[in-house]
Every structure is written in C-alpha cells, then in structure tokens.
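The structure under discussion is supplied below as structure tokens; questions concerning it will follow.
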Amino acid sequence: MTIHQLSIFIENKAGTLVVILRQLKEAGIQLIASTISDTVDYGICRIICSEPVRAFETLRDAGVAVSLCEVIAVALDDEPGRAADAIGILSEEGISIAYLYSFLLGGKGVLVFRTDNNERALEALQRGKMDIIREKDLSKLAV
Amino acid sequence: MAYSNYFNPEETLDREGIERLQAERLRSTVAHCMGSGFYRKRFRDIGLSHEDIKTLDDLQKIPFTTKQDLRDTYPFGMASIPLSKCTRLHSSSGTTGNPTVILHSQKDLEQWANAVARCLWMVGCRPEDVFQNTSGYGMFTGGLGFQYGAELLGMLTVPAAAGNTLRQIKFFTDFGTTVVHAIPSYAARLHEVMCERGVDPRRDTKLRTLVIGAEPHSDQTRRRIENMLGVKAYNSFGMSEMCGPGVAFECPEQNGMHIWEDYYIVEIIDPVTLKPVPEGEVGELVLTTINREAMPLLRYRTRDLTRILPGECPCGRHHKRIDRIKGRSDDMIILKGVNIFPIQVEQVLVQFKELASDYLITLDTVDGSDYMTVEVELAGSNIDDYAALQTLERNITRMLRDEILVTPKVKLLPKGSIPQSEGKAVRVKDNRKQYQ
C-alpha cells in the first residue's frame, strides 16, 4: 500500500541536481513530484516518479548515493480541511510524521509522508476510509 | 641578584669537549642497551657487539630505530631496565593502531626536567618569573615536561593546562604571569580573546616571554605573535620519544635551536639513501639518546626534516643548532600540537558501514588557527533520514576525536565526490603554510 520514493543525497553545490535529473531524463523516467530540503552542507532530494525501481537502479549504477524508500500517499478532494482530516487520523493514533509534502494530481490533492510506523499508519488511514494511493494508481491519476 | 647566563656547565663545552663527552656516553649507553631484549637481538642479528662501539664514528655501525620498532615492542619490549625501576610512562594517542610507550626512570625524569630548565634559563627565565603552562597535561609531554622543568628552575608555576581561555587571561592579570608556554595557534587565540575583553597585553599583563613549539610555524608567524602580545617568542623542539620538550631550543639570538648534545647525538640523513647529508643540507633528523636510563634509543629516525645551521652562534654555546622543522619524511600530520597519522583516521572510518572507502583530510588555517576537515562518502544506504545522517556525522566526529584527540569537521559527501587519484591515493591536502 506504500509507494516508492527515491531519496538522493546531494551536496549543496551548484550543478549537482541537474546531473541527477539528466540521468533520469536519459532513462526516460518521468518525475511526478519532487522536493529538496537542505542542511548547511548537504540536502536530500526526494522524488516520486514513473518506474521508481528502474529509476533507482539507473541512479545507483551511475554511482549516485540513492535509496529507494516506502512512503504513504493519500489522495484528497480538492477542498478546504481535507489535509487536517487525514493527519488528524494519524495524530489520534499517536503516529509521528517524519516529513510530508504535497502536490496536485489529476484534480486531486496528494499528501506524501513517511511516519515512524508506516504499517500502523496505513491501518488507521484505511479505517478512516482515506483514499490511499497505490503505485499503479499514480500513472492513472497523472492522465 | 646576579645570575649566570648558563644553567649547566655542559652548555659552554667547546666542540672537543662535547664530542669527548658524547663518545664516553655513547659507549656506556650502548652497553646499557644490552639490557633491552630488543637491542640485544638487533645487535646479535647483525653480529655486532656493544664493544665494537668505541668512537662517534662507530655509531654508523648501529642500525636505525624506528617508530615501527616502538610499536612492535609495545608496551615494554624496548626497556633497558626492569619495569620496577621505571617511574613513569608516556604513551602516544591511538586506540585502533598500536600506540607507542616511552618509559622513564626517576633519573630520566630529573634529567628531562634539567634539560627543560636549561632551555628556559637560556631565554632569560629566572626564579622571579611566573610561568603559566597552557599545554594539556597527562600523556601530552608538553604539560608535565614544562611543569617539572619550570619548577626545577624555581619559577612560580601556574599549571593552567589547556583550554578555558578566559580563565587563562584572568590568571595572566591576577598572578602576574611573565612566561607562557603555548602552541602558536593558541597564542593567537589568547590575543584574540584579550582584544574582545579589552585586555591590552602590554598594559594589563606582565607577559614578557613566550615559549612556542609542538606546532610547526614560520618565522613570520612568530613575529606576528610577538607583536600581538608584546613578548619575545622562542621556538621549542621536542618529541615524546626523546622525553618531550627540552631537546632543542632557541637562544636569545632566535636563530636556530640549540640541540643539547650532551643528551643527544645528532645526525641528518637522506631519508631515501639513509646516508648522512652534507653539513648544512636538509635531511631527516636522527637522534641517539646518550643520557637515558629506562629506554635509550639508538639512531632514532624522527621523520622530521631539518638541517644543521652552519657557523658559530654568538650566544657562546657550541651545541649545534637545527633549523625550523621543514616537514616530515612520512605522512604524519601535526595539528594543534597533536601528532596524527592518516591511518588513524582511516581505521575509524572503516568501522562505519554507511561509508564508502574514499576519504580526504584537508587542513586549513582560519584566523591563525588550524582546522581539520574530513570528507567522507556515503555508500548509499538509508539516505531518507536526516536525523540518521546527522547522527552518523556526529558519531564519526566523536570517534575521530577519541582517536586523534582533536575534533575534526566531518563532511558527508555523495559517493564519487572525492577525486580518484592514480597510484597512491591522496588522503591529505594541507593548505596551511606551516613549514615556511
């Protein structure tokens, strides 16, 4: 029920990101969402994309410091308060969020996050009737 | 009260007197070394008898002793007297590699203190002075070495030890400190903090003499520090294998360091051919201790590069002068007075499975202080977690600090960032200008 995300370690230096993006481009991988957070010396670039396993192998084989992680993605109706509902479910269960980002896809809002316990988070979200996105749904939504 | 210019009569020996004393002490030292299992075997292996060593020229027959020998005989294999007759040991840092141990008898400690006292007396220290030592105490020989020497001379000593700069400055002003021992970068730091606190070293302190050593520095740096603090600064040379400080020291001429030849026989060799270099040329300093009891070392390769300064010194001492240390004939790094081998860093890094095998140590001088940066490459696991990366960075820093005794800045890099070199990997980039 989780989806794959690429987490890439990048140095805070001009030109490091584009090298990675070009490798994905050459492999014909399409980005769906991406985010970069940073510390003083380095950043983590997180990417949701088409064919994440192949994307991961491409980057890994090119020597990029990358890992393939599992994150939860929830589709929300594009109206006020839906994010609060989704996150409220987790907070009632005492589940913490490590990081979260969101994007719009096919008229829906998508929340992507990793929690300290993805399994319990998924169970709680299912009980709360949340629309949990599967990997194969991503490409459909994108249309 | 009128004092002599000299602390010991040996200081004023002429060349003939020095060499006669050296030959005598060499003979007795070599005979004494037969009490060491290490030297007994070494002599037997090449069919050499201690009785073959009669003159200073015979020294050439004796094989070199190296740091590796000290490591191989760790901890007590090099001792020439029973352990029960030893009263102290000093050991090099290092928990992963084999450290080295230097043993001292009570007489060795007294002789060591005498050598340090002689050095301090030479640059004008007298019992009326107040001596403050900013060296770390404990295993670092700059602490206890200067302490005992300064006490023997009769100064009031302030064993402030390392760190706590504000307290150091308070001691200067409150106790009327006149003589300070500090590594050059710390002397600069003291000045910086004095400025911040509105303390004028010329107006608010009685500082007059600074002893700087352990950290290679240029004459320019020395002049800068002298101007900052309003003192005369004298270069000091020593190493734990030779006791510690007190091996060689500048006289008031500030032109080369007199090496005490009643304690040591000096050779300068070509580190490749191992043959003596012509007088006055740069080579590796080789020292034979001729005044040690617990653990004499014969023809010890210091790995320090220097030269003998030609000519007579106007101060009247005939003990040879060595130039500032010009570098090393091995890969040892000297940072903040601490000796570090890149292999120590490597041995820490290999313990982290998160890291790839390449690393780069960079040394820089920022505002007069030296810093070490260790760049490491992530092997690629668990990159999604900032907290984990920061913990990793902290753990590497802590383990390196425990191993090398200075705190480096650890920098995580993506794999492949550190340039690959052909042949022998470049592990150290030294951007400091310490050997000028």
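Does B:Tyr386 qualify as being among the aromatic types (Phe, Trp, Tyr) and away from every other protein chain (no Cβ under 14 Å)? Steps first, please.
Working: among the aromatic types (Phe, Trp, Tyr): yes; away from every other protein chain (no Cβ under 14 Å): no.
Taking the combined requirement at face value, the residue does not satisfy it.
Name the single residue that is nearest to the other protein chains (Cβ to nearest Cβ) among those in region A:1-11 being in a strand (DSSP E or B) and of a type in the set (A, V, I, L, M, F, W, C).
Filtering region A:1-11 down to residues in a strand (DSSP E or B) leaves A:3-11.
Next, only the ones that are of a type in the set (A, V, I, L, M, F, W, C) stay: A:3, A:6, A:8-10.
Details: A:Ile3: 13, A:Leu6: 9, A:Ile8: 7, A:Phe9: 5, A:Ile10: 6 Å.
Of everything passing the filter in region A:1-11, A:Phe9 is nearest to the other protein chains (Cβ to nearest Cβ).
Does A:Arg134 meet the test of being over 22 Å from B:Leu389 (Cα atoms), more than 14 Å from every other protein chain (Cβ to nearest Cβ), among the charged types (D, E, K, R) and in contact with a strand residue (DSSP E or B) (Cβ under 8 Å, 6 or more places away or on another chain)?
Spelling it out, A:Arg134 is indeed over 22 Å from B:Leu389 (Cα atoms), more than 14 Å from every other protein chain (Cβ to nearest Cβ), among the charged types (D, E, K, R) and in contact with a strand residue (DSSP E or B) (Cβ under 8 Å, 6 or more places away or on another chain).
Looking only at region B:63-87, count every residue that is touching a residue at least 40 places away in the same chain (Cβ under 8 Å) and among the β-branched types (Val, Ile, Thr) and tell me the total.
Taking region B:63-87 and keeping what is touching a residue at least 40 places away in the same chain (Cβ under 8 Å), we get B:63-67, B:70, B:77-81, B:85-86.
Still in the list and also among the β-branched types (Val, Ile, Thr): B:65-66, B:81.
Total meeting the criteria: 3.
Conditions: (1) touching a helix residue (DSSP H, G or I) at 6+ places or on another chain (Cβ under 6 Å); (2) within 14 Å of chain A (Cβ to nearest Cβ); (3) of a type outside the set (Lys, Arg). B:Leu400 meets all but one. Number of the miss?
It is condition (2) that B:Leu400 fails.
Between B:Ala31, B:Ala23, which is loosely packed, with under 15 Cβ neighbours inside 10 Å, assigned to a helix (DSSP H, G or I), modelled with pLDDT of 95 or more and touching a helix residue (DSSP H, G or I) at 6+ places or on another chain (Cβ under 6 Å)?
B:Ala31 is the lone residue from the list that is loosely packed, with under 15 Cβ neighbours inside 10 Å, assigned to a helix (DSSP H, G or I), modelled with pLDDT of 95 or more and touching a helix residue (DSSP H, G or I) at 6+ places or on another chain (Cβ under 6 Å).
Residues A:Glu51, A:Glu70, A:Glu79: which one is within 14 Å of chain B (Cβ to nearest Cβ) and either under 27 Å from A:Gln126 (Cα atoms) or at pLDDT 90 or above (or both)?
Numbers: A:Glu51 fails: within 14 Å of chain B (Cβ to nearest Cβ); A:Glu79 fails: within 14 Å of chain B (Cβ to nearest Cβ).
Just one listed residue meets the conditions, A:Glu70.
Can you name the number of the only condition in (1) among the aromatic types (Phe, Trp, Tyr); (2) at pLDDT below 95; (3) in a helix (DSSP H, G or I) that B:Tyr74 fails?
Only one criterion is unmet by B:Tyr74, namely (3).
Can you tell me which residue in region A:12-48 is surrounded by the fewest Cβ atoms within 10 Å (Cβ to Cβ), limited to those that are assigned to a helix (DSSP H, G or I), within 12 Å of chain B (Cβ to nearest Cβ) and in contact with a strand residue (DSSP E or B) (Cβ under 8 Å, 6 or more places away or on another chain)?
A:Leu17
For region B:217-236, does any single residue satisfy the condition of being crowded, with 24+ Cβ neighbours inside 10 Å, at pLDDT below 95 and part of a strand (DSSP E or B)?
no
Between B:His90, B:His181, which is crowded, with 16+ Cβ neighbours inside 10 Å and within 23 Å of B:Glu293 (Cβ to Cβ)?
Values: B:His181 fails: within 23 Å of B:Glu293 (Cβ to Cβ).
Selected residue: B:His90, the only one of B:His90, B:His181 that is crowded, with 16+ Cβ neighbours inside 10 Å and within 23 Å of B:Glu293 (Cβ to Cβ).
OK, next. In region A:94-116, which residue that is away from chain B (no Cβ under 14 Å) and surrounded by fewer than 16 Cβ atoms within 10 Å (Cβ to Cβ) is nearest to the chain's Cα centre (by Cα)? Don't jump to the end; show me each part of the working.
Step one: of region A:94-116, the residues away from chain B (no Cβ under 14 Å) are A:94-95, A:102-111.
Retained after the next criterion (residues that are surrounded by fewer than 16 Cβ atoms within 10 Å (Cβ to Cβ)): A:94, A:103-104, A:106-107.
Working: A:Gly94: 22, A:Phe103: 10, A:Leu104: 13, A:Gly106: 16, A:Gly107: 18 Å.
Filtering region A:94-116 for residues that are away from chain B (no Cβ under 14 Å) and surrounded by fewer than 16 Cβ atoms within 10 Å (Cβ to Cβ), the one nearest to the chain's Cα centre (by Cα) comes out as A:Phe103.
Looking at (1) under 19 Å from the mean Cα position of the chain (by Cα); (2) assigned to a helix (DSSP H, G or I); (3) more than 10 Å from chain B (Cβ to nearest Cβ), which one does A:Arg60 not meet, given that it meets all the others?
Result: A:Arg60 passes all but (3).
State which residue is surrounded by the fewest Cβ atoms within 10 Å (Cβ to Cβ) when the search covers only region B:403-432 and only residues that are at pLDDT 85 or above and within 14 Å of chain A (Cβ to nearest Cβ).
Filtering first and then ranking leaves B:Lys409.
Look through region B:277-336, keep the residues that are under 30 Å from B:Ile361 (Cα atoms) and of a type in the set (S, T, N, Q), and return whichever of them is surrounded by the most Cβ atoms within 10 Å (Cβ to Cβ).
B:Thr306
Only one of B:Ala294, B:Ala248 is closer than 21 Å to B:Phe146 by Cα, of a type in the set (Gly, Ala, Ser) and in contact with a Ser or Thr (Cβ under 6 Å, 6 or more places away or on another chain); which?
Working: B:Ala248 fails: in contact with a Ser or Thr (Cβ under 6 Å, 6 or more places away or on another chain).
B:Ala294 is the lone residue from the list that is closer than 21 Å to B:Phe146 by Cα, of a type in the set (Gly, Ala, Ser) and in contact with a Ser or Thr (Cβ under 6 Å, 6 or more places away or on another chain).
So B:Ala294 clears everything in (1) part of a loop (DSSP other than H, G, I, E, B); (2) more than 30 Å from B:Ser28 (Cα to Cα) except one condition, right? Which one?
Evaluating B:Ala294 over (1) part of a loop (DSSP other than H, G, I, E, B); (2) more than 30 Å from B:Ser28 (Cα to Cα) leaves (2) as the failure.
Scan region B:49-72 residue by residue and report those that are of a type in the set (S, T, N, Q), surrounded by fewer than 19 Cβ atoms within 10 Å (Cβ to Cβ) and over 20 Å from B:Pro342 (Cβ atoms).
Of the residues in region B:49-72, the ones of a type in the set (S, T, N, Q) are B:49, B:55, B:60, B:65-66, B:68.
Add one more test, that the residue is surrounded by fewer than 19 Cβ atoms within 10 Å (Cβ to Cβ), and what stays is B:49, B:55, B:60, B:66, B:68.
B:Ser49, B:Thr55, B:Gln60 - these are the residues of region B:49-72 that are of a type in the set (S, T, N, Q), surrounded by fewer than 19 Cβ atoms within 10 Å (Cβ to Cβ) and over 20 Å from B:Pro342 (Cβ atoms).
The values are calculated or read from the model by the stated rules, or taken from the named source; none is laboratory data. Remember, it's a predicted structure, so these values are computed and weren't measured experimentally. Note that we place each Cβ from the backbone using ideal geometry, even for glycine, and neighbour counts take in every protein chain shown.
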